[in-house]
Every structure is written in structure tokens, then in C-alpha cells.
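Worksheet: the structure to be examined is printed underneath.
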Amino acid sequence: MPTIITGQFQSTSQRQQPAAHLTRTMQLLEKTCNELDTELATEISENPALEMAEECRCPDCKQIIPSYPCQACMNRLNGTGPIVYVAPRANRTYSTDEHEEYYSTDNRLRDPETLSEHVLKQVAPSISSKERKIAEHILARLDEHGFLIDHPAEIATYLRASLKMVKAVIELIKRADPIGVASQDVMECLLTQLDTLEQDGKTHPLAHNLLANFWEQLARRDFDTVARKCNVSVQTVKSAAKFIKRNLSPYPAQSHWNNASNATGRYFRPDVEVIKNPHKEDGPLIVQVFSAARGWLRVNSSVRSMVSKIEDPAKKDEWAAYLERAALFVKCMRQRDNAMKRIVKLIVTRQPKFILGTDKDLIPMTRVELADQLELHESTISRAVANKTIALPNGRIIPLSTFFDRSLAIRAAVLTIIEQESTAMTDEQVAHKLIDYDYKVARRTVAKYRSMLGILPANLRARQLPSAV
DNA sequence: CTATGGCACGGATT
DNA sequence: AATCCGTGCCATAG
């Protein structure tokens with residue numbers, strides 16, 4: 001068996017590759033490390049010729065090593081850009097303090113669980129099976145903020161349930177952990193949260209009235225008018241507003257996990273992790289690409305030697321097929337890991353400032369550029385990046401696709417401009433200011449970015465930016 | 001009259 | 001081929 005660890009696949013048609021290898025590798029490439037885990041488990045259980053050795057081997061040089069990463073390979077790579085290596089998920093070294101928390105207490109990293117599952121778990125025990133079906137449907141129809149898309153009546157018709165029952169289930173869900181989830185709008189959500197707080201005895205006398213009747217004025221911080229109409233002092237109104245801002249969150253999904261861009265969830269355990277060099281402060285970044293579970297995946301050698309001794313031809317074929325399949329799987333798995341490694345290495349090499357710095361340090365790049373440079377097909381990059389997440393040294397876990405976000409840096413610039421403004425700037429003015437930062441965008445586009453950032457328009461933004469609506 | 005947001009078009013990206 | 005993104009045009013609110 002020739003070794004394949006250095007194998008790369010070419011997009012050129014100069015040599016017809018066996019399709020099975022290629023497609024299988026691509027399938028594996030699409031999977032996140034969590035999905036790969038289950039894939040691997042079934043493959044191993046179905047195929048006796050495949051084994052997961054306990055010994056720890058370096059995926060690069062294949063030497064037996066005491067722990068990841070392979071010291072020899074690290075030394076070899078030292079000095080030339082980031083150190084990137086493939087690591088099994090279970091075996092982690094480099095547990096600096098800040099790094100350790102990823103795997104223990106930090107609840108962003110518990111097992112993957114979507115918002116829907118999270119809520120369903122809470123309400124399920126106390127409802128009937130019919131109600132449960134309704135709950136499932138409702139939870140499947142939440143938008144990215146955690147609001148209900150459909151009208152309750154629609155749901156009732158669709159599921160042929162009574163409107164009363166649907167409403168009851170919604171009420172129940174609204175009281176579950178991200179309080180206010182499945183509300184129909186911001187207002188309903190806030191009121192629900194306030195209600196729950198009141199039941200706990202924590203409340204502000206003015207809060208309810210303010211929310212229900214003076215939301216508009218509150219949003220534009222027009223405290224004077226409110227104070228006059230309520231017949232109380234401005235100070236009281238301000239304290240009530242402060243109470244609201246501190247204790248209530250307009251978007252239920254956001255309080256649950258801060259990354260609003262993924263309503264589908266599964267953004268918890270990263271596929272890639274970048275950490276600072278624990279030995280040298282300014283040393284090369286250390287990057288782990290997580291692969292299948294633990295240990296060293298290989299074809300079981302005792303099975304192989306046994307097969308050659310089998311007499312019965314039918315039996316022999318059967319086992320030979322197992323062997324072949326195992327070899328294929330191992331090969332594809334290593335190709336997959338190798339491709340991931342190369343891609344991630346290039347990304348990290350190109351974006352050190354973003355990884356260590358902030359959003360505005362992101363250098364725009366496209367998948368095509370990477371594909372050219374790595375001599376891979378652009379769809380290969382797409383697969384490798386899709387649905388994957390990366391943990392940055394500062395603890396944030398973001399989608400790998402963020403690196404290909406054309407406008408992230410500009411949005412960051414918009415944010416800083418507006419934060420530093422003395423008087424509220426119109427979109428036009430912001431657009432003009434952006435030229436100083438070497439960004440040329442239309443006024444309309446600034447408006448889009450602004451709303452993406454959740455910043456109110458200039459006329460409602462007299463002084464500061466409350467993060468509401 | 002000005003600033004903004006909705007709609008939709010076209011070009012780039014995947 | 002499908003999707004995403006920036007932008008222009010136009011209606012509307014203040």
C-alpha cells in the first residue's frame with residue numbers, strides 16, 4: 001500500500017481520478033468535525049477491517065508521539081508562518097487557562113443544541129403529545145431573532161388544532177428559557193420578560209407603563225415628553241429606562257447565544273482552533289484542525305494477514321471487500337484532513353491581523369483566490385468552509401465563512417464612525433467619511449450596514465445608540 | 001425638501 | 001444554476 005498522506009487532488013483533467021475516492025473525500029470534506037464523529041463511528045461499527053488505534057501518531061510524519069502536536073514536526077515548521085496541525089478532538093494539549101474554559105464551563109461549547117431543541121426540552125415534560133406536535137411546529141417556524149413567523153391562527157389551521165390550544169402552547173414557550181421566544185414582535189417579547197420579572201418580585205413601578213405606551217419616545221430617548229405625560233420626574237423615567245435596558249433583551253435568540261447570524265444552531269464546538277503561542281508571546285500562531293474522534297485511524301493489520309490465509313473463496317472475497325473499503329476510508333479521511341489543513345493554513349497566514357485583532361482588520365478575500373493558490377477547485381474550498389467554525393484566541397467562535405465576508409471590515413468602520421460621532425451623522429455623511437478609510441460605498445449601502453449593526457437612523461439617534469429596534 | 005427604507009436589478013460569487 | 005450583495009430608483013415620513 002503506497003502512502004497517500006501527501007496526496008493532493010488536482011482539478012486538471014490530465015489524469016482521470018477514480019471517481020469513488022474523489023467524491024468520498026468531498027463528502028467528508030463537507031462535514032464538520034462533529035458530523036465526522038458519527039460518520040466515523042458507524043463506519044467502524046460496520047467494517048471490522050477498520051480500526052482506531054489508541055496510540056498517538058502525528059498525522060504528518062506518522063511517528064508515534066507522546067501527545068499532540070508532534071514536537072518534531074512543530075520544530076520543522078517553526079518560523080515559517082503559523083503552525084497548523086490536524087488533531088483528534090479528544091486529545092488536547094496546550095491547555096492554557098483561557099483555552100481550558102472552552103471545554104469545561106463555558107456553555108457556548110456544550111454539545112450542539114439548537115435553540116428549538118433547547119426550548120423543547122423544557123416544555124416537553126409538561127405537555128401532551130398533541131401539544132408537543134404544536135410546540136415542535138412553532139419552534140420550527142422561528143426567525144433568526146427568535147420571533148414567530150406565522151400567525152397563531154395559521155398554525156392552528158395547518159395543524160388542525162384549536163386556536164385556543166395553539167395560543168396556550170405559545171404562552172408556555174414564551175415562559176421557557178430565552179424568555180419571550182416565539183413572541184410575535186419586540187414589544188410582546190419585552191412585555192413577557194417584564195411579566196416574568198414581576199413574578200420574581202423584581203420590577204420597576206414605571207416599566208410596564210413605559211413599555212406599553214411610550215416605546216416610541218423611549219427609543220428616541222425623549223424622556224422629557226414621557227415624564228410630562230406620566231406626571232413624574234425625568235429622573236424617574238430615566239431610571240425606569242435604565243432598568244428596562246439592563247434587564248430586558250429585545251431579541252430572545254440573542255440572549256441565548258450572541259451570534260445572531262445562525263438560527264440553525266450547531267455553532268458550539270469548533271472545527272478549527274487558533275491559539276496564541278504559549279511559549280513565545282509573539283511566536284507563530286498555533287492552529288488545530290480537529291478531525292475524527294481519538295486515536296489513529298488505520299486498516300486492522302491482523303485482519304489483513306488473516307485474510308490471506310482464508311481458503312473459502314467466497315469468504316475471502318467478502319473480507320477483501322472489507323479491507324478495500326477500509327483502505328479507501330482511511331485514505332479519504334486523510335485527504336480530507338490534509339485539504340482542511342492546507343486551506344486553514346493559508347487562511348491563517350493571510351489574516352493574522354484579523355485573528356488577533358478586530359473585525360476591521362479583515363482583509364477581503366474570495367474562495368477563488370485561495371483555490372488558485374492551493375491548486376484546488378473552488379468548490380473544494382466551499383465545501384471545506386461550509387458550516388465550519390473556528391475558535392479565535394480571544395475566545396470568540398465564528399463561522400469559517402466570515403473570512404470571506406466582503407463587508408465585515410466596512411461594517412466595523414461604520415460602527416466606529418458612528419460611535420465617535422459628536423452629532424448624529426446621516427448615512428450620506430457616514431458614506432463620505434468612509435472615504436477617509438479607503439472605502440467607497442453608496443449611501444444606500446451604508447443604510448444597509450447600519451441596520452445590520454442594529455443602529456438606529458440618524459434622526460432617532462440624538463445622542464447615543466440604544467441597541468433597541 | 002431631506003433622509004430613509006423597500007423593491008428589484010445586474011453583476012459577482014459560490 | 002443558484003445565491004448573495006451593492007446599488008439605483010421611488011415612495012413615504014418628518
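Results for (1) closer than 19 Å to A:ALA409 by Cα; (2) touching a helix residue (DSSP H, G or I) at 6+ places or on another chain (Cβ under 8 Å); (3) assigned to a helix (DSSP H, G or I), shown as yes or no for each residue.
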{"residue": "A:ARG325", "(1), (2), (3)": "no, no, yes"}
{"residue": "A:LYS331", "(1), (2), (3)": "no, yes, yes"}
{"residue": "A:ALA339", "(1), (2), (3)": "no, yes, yes"}
{"residue": "A:LEU346", "(1), (2), (3)": "no, yes, yes"}
{"residue": "A:PHE354", "(1), (2), (3)": "yes, yes, yes"}
{"residue": "A:ILE363", "(1), (2), (3)": "yes, yes, no"}
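Residues that are free of Cβ contacts under 8 Å to residues at least 12 places away in the same chain and either in the same structural domain as A:GLN235 (by TED's automatic domain parsing) or more than 15 Å from A:LEU148 (Cβ to Cβ) (or both) occur in the stretch A:169-177; there is at least one. Here A:ALA442, A:ALA424, A:ALA371, A:ALA431 are screened, and the one residue that is within 11 Å of DNA strand B (Cβ to nearest atom) and within 24 Å of A:LEU28 (Cβ to Cβ) is A:ALA371. Here are some conditions: (1) surrounded by fewer than 18 Cβ atoms within 10 Å (Cβ to Cβ); (2) more than 16 Å from A:ASP405 (Cα to Cα); (3) under 20 Å from the mean Cα position of the chain (by Cα); (4) of a type in the set (D, E, K, R). A:LYS341 meets all but one. Which one does it not meet? With (1) surrounded by fewer than 18 Cβ atoms within 10 Å (Cβ to Cβ); (2) more than 16 Å from A:ASP405 (Cα to Cα); (3) under 20 Å from the mean Cα position of the chain (by Cα); (4) of a type in the set (D, E, K, R) applied to A:LYS341, the lone miss is (1).
Among the conditions (1) more than 30 Å from A:THR23 (Cα to Cα); (2) of a type in the set (Gly, Ala, Ser); (3) away from DNA strand B (no atom under 12 Å from the Cβ), A:SER451 misses just one, which is (3). For the condition crowded, with 17+ Cβ neighbours inside 10 Å and more than 9 Å from DNA strand B (Cβ to nearest atom), A:LEU392 qualifies.
Close Cβ contacts (under 6 Å, 6 or more residues apart or on different chains) running from residues in the stretch A:404-416 that are touching a residue at least 12 places away in the same chain (Cβ under 8 Å) and over 21 Å from A:ILE390 (Cβ atoms) to residues that are in a loop (DSSP other than H, G, I, E, B) and within 15 Å of DNA strand B (Cβ to nearest atom) comprise A:LEU415/A:LEU453.
For the stretch A:402-460, the set of residues classified as under 30 Å from A:ILE347 (Cβ atoms), part of a loop (DSSP other than H, G, I, E, B) and either touching a Lys or Arg at 6+ places or on another chain (Cβ under 7 Å) or more than 11 Å from DNA strand C (Cβ to nearest atom) (or both) consists of A:ASP438, A:LEU453, A:GLY454, A:ILE455, listed by residue number.
Could you list, in sequence order, all residues of the stretch A:45-64 that are of a type in the set (A, V, I, L, M), crowded, with 16+ Cβ neighbours inside 10 Å and modelled with pLDDT under 90?
The answer is A:MET52, and nothing else.
The single condition among (1) under 14 Å from A:LEU248 (Cβ atoms); (2) surrounded by fewer than 19 Cβ atoms within 10 Å (Cβ to Cβ) that A:GLU171 does not meet is (1). I'm trying to understand the selection: among the residues of the stretch A:365-377, which are in a helix (DSSP H, G or I) and surrounded by fewer than 16 Cβ atoms within 10 Å (Cβ to Cβ)? Within the stretch A:365-377, A:VAL368, A:GLU369, A:ASP372, A:GLN373 qualify.
For the stretch A:140-183, a residue qualifies if it is in contact with a Gly (Cβ under 9 Å, 6 or more places away or on another chain) and of a type in the set (Lys, Arg), and exactly one does: A:LYS174.
I'm trying to understand the selection: among the residues of the stretch A:402-413, which are within 13 Å of DNA strand B (Cβ to nearest atom) and either closer than 21 Å to A:GLY454 by Cβ or out of contact with any helix residue (DSSP H, G or I) (no Cβ under 7 Å at 6 or more places or on another chain) (or both)? Listed by number, the residues that qualify are A:THR402, A:ASP405, A:ARG406, A:SER407, A:LEU408.
For the stretch A:344-366, the set of residues classified as within 14 Å of DNA strand B (Cβ to nearest atom) and within 19 Å of the chain's Cα centre (by Cα) consists of A:ILE347, A:LEU362, listed by residue number.
Take the conditions out of contact with any strand residue (DSSP E or B) (no Cβ under 7 Å at 6 or more places or on another chain) and at pLDDT 75 or above and apply them to A:GLY7. Does it pass? For A:GLY7, the condition - out of contact with any strand residue (DSSP E or B) (no Cβ under 7 Å at 6 or more places or on another chain) and at pLDDT 75 or above - is not met. Among residues of the stretch A:223-244 being in a helix (DSSP H, G or I) and among the β-branched types (Val, Ile, Thr), the one that is nearest to A:LEU197 (Cα to Cα) is A:ILE244.
The values are calculated or read from the model by the stated rules, or taken from the named source; none is laboratory data. Note that the structure is predicted; figures quoted are calculated from it, not measured. Quick reminder, even Gly has a Cβ in these numbers, built from the backbone with ideal geometry, and neighbours come from all protein chains shown.
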